[in-house]
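Enquirer: This structure is in structure tokens; I'll ask about it shortly.
The values are calculated or read from the model by the stated rules, or taken from the named source; none is laboratory data. The structure displayed is predicted, hence computed values, not measured ones. Here the Cβ positions follow ideal geometry from the backbone for every residue, glycine too, while neighbour counts run over all protein chains shown.
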Amino acid sequence: MKKSRYKSLLSVLAPLLIWLMVLSLPFLSRIGDTRPEFRNEWLRTMFLSNILLIVIFYLHSFLIYPLRTRKNGMIIYGLVLFVTLIVFLTGNHFLHPEMPRFPNRGDMPPPSPLMGFLPFAFVIVASFCYRIYMDKVGREEQIKELENLQLKTELEFLSSQISPHFMFNVLNTLVFLARKKSELIEPSLISLSQLMRYMLYESNGSQITLADEIEYLKSYINLQLLRFGDDVRLNLYLSGPFESYRIEPMLLIPFVENAFKHGIGTLEAPIIDISLAIDPEKRILKMEVINGMTPAGIYAAPSSKESGIGLANVKRRLELLYPGRHSFTVQQIDSTFIAGLQINL
């Protein structure tokens, strides 16, 4: 945005600087002239003539040039341009009175009106090029704004997908506990309310602290452990500090969700390893999730309708939010699946 404003400001100031140089040329060319009676009259004439050219430049740029887009615009444009030329040549002729220059030759007559055609043509061509450039800049800004709007819309859509997908997984946990008539249903509902509070009030902003996102991960992990208990062993490795860094909300949760969804099932003594580390010097966040795979489970397989939402969603969000500043890897080694994420914060 700042670059676009700078470019627009430069496109306006550049012609003004050029015109200031043009206005100063007559004065610079007459430095040292010992004929004040000629110099003063000549400077006045050239200064007024250049002012007239400047007026024509901006008159053509902002009033005459747009006539081309109307019905029969080229005809109207040509007629108005011709009238402007006549007015300029007439005015330029009266700006050049007889000026004493060479005493031995008498006074010089005013120049021919046609002598003003060349600077007029130059100004019109310059104005034409200026408008083409300005239109190009305007189109680029419109395209950029449209792209930003489309990206924002897509991000909002992707974020809206995360919440239902997350709630679907959490409700499965609650259904499981309810069927068992477990006493853990109450603490599970309390944990769920905390997660929903986070989703409603914390994740609506553009960014949150990394520490808050990790607390959210812990709450989700605790909720899942209420369901699976000792049937799964989970190792969480954290290496901070996390308070000083910010991240997009709900960006890390799909990795953990998929680990629980595809890394437990019928596996005997399943293990999930989750590591999160921040490099303060390089401002790089590294996350790695390692889990086993059930024989029938394909982790985020494109052909599976149920497995493609989480990681496919976060992959696209990473492309939009951290272009060129992240790496996202997945690999399967025998029955072990490893998902890795690295973000330059």
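Enquirer: State all residues of region 60-79 that are surrounded by 12 or more Cβ atoms within 10 Å (Cβ to Cβ), among the polar types (S, T, N, Q) and without any contact (Cβ under 8 Å) to a residue 60 or more places away in the chain; if no residue qualifies, say none.
Expert: Scanning region 60-79 gives no hits.
Enquirer: Right, next: Please determine, by comparing only the residues of region 320-339 that are of a type in the set (Ser, Thr, Tyr) and part of a loop (DSSP other than H, G, I, E, B), which one is modelled with the highest pLDDT.
Expert: First, the residues of region 320-339 that are of a type in the set (Ser, Thr, Tyr): 322, 327, 329, 335-336.
Subsequent filtering for residues that are part of a loop (DSSP other than H, G, I, E, B) retains 322, 335.
Working: 322: 88, 335: 82.
Taking the candidates together, the pick is 322.
Enquirer: Are any residues in region 213-244 in contact (Cβ under 8 Å) with a residue 24 or more places away in the chain, of a type in the set (D, E, K, R) and surrounded by fewer than 19 Cβ atoms within 10 Å (Cβ to Cβ), and if so, which ones?
Expert: 231, 233, 243 - these are the residues of region 213-244 that are in contact (Cβ under 8 Å) with a residue 24 or more places away in the chain, of a type in the set (D, E, K, R) and surrounded by fewer than 19 Cβ atoms within 10 Å (Cβ to Cβ).
Yes or no, residue by residue, for (1) more than 26 Å from the chain's Cα centre (by Cα); (2) at pLDDT 75 or above; (3) part of a loop (DSSP other than H, G, I, E, B):
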{"residue": "287", "(1), (2), (3)": "yes, yes, no"}
{"residue": "298", "(1), (2), (3)": "yes, no, yes"}
{"residue": "301", "(1), (2), (3)": "yes, no, yes"}
{"residue": "304", "(1), (2), (3)": "yes, no, yes"}
{"residue": "318", "(1), (2), (3)": "no, yes, no"}
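Enquirer: OK, next. Take the residues in region 133-165 that are exposed (fewer than 11 other Cβ atoms within 10 Å of the Cβ) and of a type in the set (A, V, I, L, M); name whichever of them is modelled with the highest pLDDT.
Expert: 143
Enquirer: Output the number of the condition that residue 342 fails; it satisfies all remaining conditions of (1) within 19 Å of residue 219 (Cα to Cα); (2) at pLDDT 85 or above; (3) of a type outside the set (Phe, Trp, Tyr); (4) surrounded by fewer than 20 Cβ atoms within 10 Å (Cβ to Cβ).
Expert: (1)
Enquirer: So if I check each of 124, 86, 76, which one is modelled with pLDDT of 75 or more and touching a His at 6+ places or on another chain (Cβ under 7 Å)?
Expert: Working: 86 fails: touching a His at 6+ places or on another chain (Cβ under 7 Å); 76 fails: touching a His at 6+ places or on another chain (Cβ under 7 Å).
One residue alone meets the criteria, 124.
Enquirer: Could you tell me which of the residues 243, 213, 186, 281 is in a helix (DSSP H, G or I), in the same structural domain as residue 312 (by TED's automatic domain parsing), at pLDDT 80 or above and of a type in the set (Asp, Glu)? Walk me through how you get there before you give the answer.
Expert: On the way: 243 fails: in a helix (DSSP H, G or I); 186 fails: at pLDDT 80 or above; 281 fails: in a helix (DSSP H, G or I).
None of the other options fit; the residue is 213.
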